[in-house]
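A.B. asks: Provided herewith is a single structure, encoded as structure tokens, for subsequent inquiry.
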Amino acid sequence: MKTDNEIFQAVYKLFFRYGIKSLTMDDIARHLGISKKTLYKYVSDKTDLVSKIFLNFTPPHQPDTKTLEKASNAIEYFYIIYQAILENLKDFNPHIFYDLKRYYPSIYEKLRERRQNAIITNIKTNIIQGQEEGLYRQDINPDIIAEIHYYKSEALITNNYLNSGKHSVKEIFTQLFKYHIYAIVNDKGREIVKQIKFFEQ
């Protein structure tokens, strides 16, 4: 029998590839190669499944503590996070946020609040570290810049820009991170960005 983590990791990939609304519990069970009866041993219904995937499950490709500890400065730390996000955007279906907001609003709101707290806290901490290391500009306010970065990324989702088809999701987020990092580094930090080939894929 599959473990809880194996089930949720597989469903996570299904949701991010096909969206949430389009997949029935029968579809999910079939993709997993198990019976629907077996699937219901892990969750009570689809809402419970969606909740577990987005609120209780750690997505794949998240950098572990040991990997993050290898970063020698704030820019390298930010680079590791950036790479993990790009990896998670593979086979990403932008309709997933629309599905969440429309059909599972309470789950969407909890996820949004969690994302807000995590992004703002992490960006603020990273900026303070970079300033202490002499890599980020001293004339920027970590609190304000962290909030601006969060609201820019949130606007891409809520304004449905990811679904516009004008650019790939990967390119949109690459430009978002490029906009952010080049706005906060000083000359010394800019050299490190070039040395580690931050945006060269």
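A.B. asks: So which GluC sites (Glu not before Pro) in segment 94-169 are both in a DSSP loop and have at most 16 other Cβ atoms within 10 Å of their Cβ?
C.D. replies: For GluC sites (Glu not before Pro) across segment 94-169 that sit outside H, G, I, E and B with at most 16 neighbouring Cβ atoms in 10 Å, the list reads Glu133.
A.B. asks: Let me ask something else about it. To the nearest 10 degrees, how steep is helix 4-18 against the longest Cα principal axis of the chain, on a 0 to 90 scale?
C.D. replies: Approximately 80 degrees, to the nearest ten.
A.B. asks: Moving on. What is the spread of the Cα atoms of the chain along each of their three principal axes, largest first, in whole Å?
C.D. replies: 59, 35, 28
A.B. asks: Note the full-extension length gain between Leu55 and Met25 as 0.36 nm times their separation in residues minus their Cα-Cα distance, in nm to one decimal.
C.D. replies: Here the segment from Leu55 to Met25 would lengthen by 8.9 nm.
A.B. asks: Something else now. Along the Cα-to-C-beta direction of Asn88, a point sits 7 Å from the Cα; which residues of segment 115-132 have their amide N less than 15 Å from that point?
C.D. replies: 115-123
A.B. asks: Under the rule of -39500 (n - 2.57) per DSSP H run of 4 or more residues, summed and divided by the residues of the chain, what mean residue ellipticity at 222 nm is obtained, to the nearest 500 deg cm²/dmol? Display every interim value, and only then the final one.
C.D. replies: Details: 11 runs with 132 residues, N = 201.
It lands at -20500 deg cm²/dmol.
A.B. asks: On to the next question. Give the shape of segment 46-144 as rounded, prolate or oblate, defined through the alpha-carbon gyration tensor: a ≥ b ≥ c are the square roots of its eigenvalues, a/c under 1.5 means rounded, and otherwise the shape is prolate if a/b is larger than b/c and oblate if not.
C.D. replies: prolate
A.B. asks: Using Cβ counts within 10 Å as a stand-in for footprinting exposure, how do His180, His95, His149 rank, fewest first?
C.D. replies: In increasing order of surrounding Cβ atoms, one gets His95, His180, His149.
A.B. asks: Moving on. Arrange Phe173, Phe57 by Cβ neighbour counts within 10 Å, fewest through most, would you?
C.D. replies: Numbers: Phe173 19, Phe57 16.
So the ranking, lowest neighbour count to highest, is Phe57, Phe173.
A.B. asks: At a 10 Å Cβ-Cβ cut-off, how would you order Tyr179, Tyr40, fewest neighbours first?
C.D. replies: Ordered from fewest to most neighbouring Cβ atoms within 10 Å, Tyr179, Tyr40 come out as Tyr179, Tyr40.
A.B. asks: Please list, in order, the residues from segment 13-46 whose amide nitrogen is less than 19 Å from a point placed 7 Å along the Cα→Cβ vector of Ser106.
C.D. replies: Residues 21, 43-46 qualify, since their backbone N sits under 19 Å from the label point.
A.B. asks: Give me the extension gain from Asn117 to Lys170: residue separation times 0.36 nm, minus the current Cα-Cα distance, reported in nm with one decimal. Kindly include the intermediate steps, with their values, before the conclusion.
C.D. replies: Details: separation 53, 0.36 × 53 = 19.08 nm, distance 2.30 nm.
In short, 16.8 nm is gained.
A.B. asks: Could you tell me what % of all Cα pairs in segment 4-56 have separations over 16 Å?
C.D. replies: Working: 372 of 1378 pairs.
Counting pairs separated by more than 16 Å, the tail of P(r) holds 27 percent.
A.B. asks: Please state the Cα pair-distance histogram of segment 99-200 with 5 angstrom bins from zero: what percent is in each bin?
C.D. replies: Reading the bins upward from 0: 2, 12, 18, 20, 18, 14, 9, 5, 2, 0.
A.B. asks: Give me the percent relative contact order of the chain, please, defined on Cα pairs under 8 angstrom at least 6 residues apart. Kindly include the intermediate steps, with their values, before the conclusion.
C.D. replies: Numbers: 151 pairs, mean separation 44.7, N = 201.
Relative contact order comes out at 22 percent.
A.B. asks: Further question: Quick one: net charge of Tyr42's neighbours, Cβ under 14 Å, K/R +1, D/E -1?
C.D. replies: Net local charge, Tyr42 excluded: +2.
Every read-out reported here was derived from the displayed coordinates using simple, explicitly stated rules and does not represent laboratory data. If you're wondering where the values come from, they're calculated on a predicted model, not measured in any experiment. Positions of Cβ are backbone-derived with ideal geometry, glycine not excepted, and every protein chain shown enters the neighbour counts.
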